[in-house]
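Structure, as structure tokens:
The values are calculated or read from the model by the stated rules, or taken from the named source; none is laboratory data. Every value quoted in this text rests on a predicted model; they were computed, and no experiment measured them. For neighbour counting, all protein chains shown are included, and Cβ atoms are generated from backbone atoms with ideal geometry for every residue, glycine included.
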Amino acid sequence: MQRLFLFLLGLPLVAIVSADEGTPALYDRVSLSVSAEKPVANDRIVAELYTEREGDEISQITSEVNQNITWALDLARGVDNVIAQTTGYVSQPVYKEQTIIGWRVRQSIKLESQDAAGLSQLIGDLQKRLAIGSLIYNLSPDVRTQAEDDLIAQALASFQKRAQLITGKLGRSSFRFVQIDVVTAGPSPRPQRLTRMAAPMEAAEGTVPPAIEGGVQIVRVRVNGTIELKLN
């Protein structure tokens, strides 16, 4: 019985060796990676503003919130090149010692634009009734795509140049590409947050529009690949 067990145990090893013998060995392959990056000016503003009310009559505070959001959307529609949409609507009870003593209602709107001056003035007007939740800059899809296209061309040229360098240093006359991966996806740099969370209070008449400075973010592209050196 012991001899039979040892014999069976050896079978998989023989199969693995046979499979390896049937697989062509890969020689003279080199993997390398290059990257390219550049700062790109942020060109799109995304702002979130909200209105919030708290009281013991839910119908009253709901009506006030709805009126403020309707007023804000009407104002936003009158400004060119601004995209406005409503976002979160929250209605929740307020407790004290496990007893409901009132209600809190909140709704937000999101504004997007590439016109910094126009959106800044609109936000200043909206602060008469709404508070700023966040104000960030990022890249519009067209600007990001163009930046990535430029960097892809730059990275591929660098990849080929480095492949030629490696080929020459290893004493070979030429190479061929085996695999190329171009990586543009991944987490984007976090857009700059320009304001802190504002208190849920209406601003006074004549609110000064927020100062907006877009800044830049770094766009990166990476090229990973494998080359095979040809025999001389």
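From the residues in region 121-178 that are surrounded by 13 or more Cβ atoms within 10 Å (Cβ to Cβ) and aromatic (Phe, Trp, Tyr), which one is farthest from LEU73 (Cα to Cα)? Going through the qualifying residues, I end up with PHE175. For region 89-118, the candidate set comprises residues that are of a type in the set (Gly, Ala, Ser) and within 30 Å of ALA41 (Cβ to Cβ); within that set, the residue that is modelled with the highest pLDDT is SER108.
Identify all residues within region 151-185 that are of a type in the set (A, V, I, L, M), in a helix (DSSP H, G or I) and under 35 Å from the mean Cα position of the chain (by Cα); write none if there are none. Passing the criteria: LEU151, ILE152, ALA153, ALA155, LEU156, ALA157, ALA163.
For every residue, the table says whether it meets (1) assigned by TED's automatic domain parsing to the domain that holds GLU48; (2) in a helix (DSSP H, G or I); (3) within 26 Å of the chain's Cα centre (by Cα).
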{"residue": "LEU73", "(1), (2), (3)": "yes, yes, no"}
{"residue": "GLN92", "(1), (2), (3)": "yes, no, no"}
{"residue": "ILE100", "(1), (2), (3)": "yes, no, no"}
{"residue": "ARG104", "(1), (2), (3)": "yes, no, no"}
{"residue": "ALA117", "(1), (2), (3)": "yes, yes, yes"}
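ILE132 meets each of the listed conditions (1) within 25 Å of GLY215 (Cβ to Cβ); (2) assigned to a helix (DSSP H, G or I) apart from (2).
Quick one: is GLU52 assigned to a strand (DSSP E or B), acidic (Asp, Glu) and either modelled with pLDDT of 95 or more or farther than 30 Å from VAL183 by Cβ (or both)? Considered against the rule, which asks whether it is assigned to a strand (DSSP E or B), acidic (Asp, Glu) and either modelled with pLDDT of 95 or more or farther than 30 Å from VAL183 by Cβ (or both), GLU52 comes out as yes.
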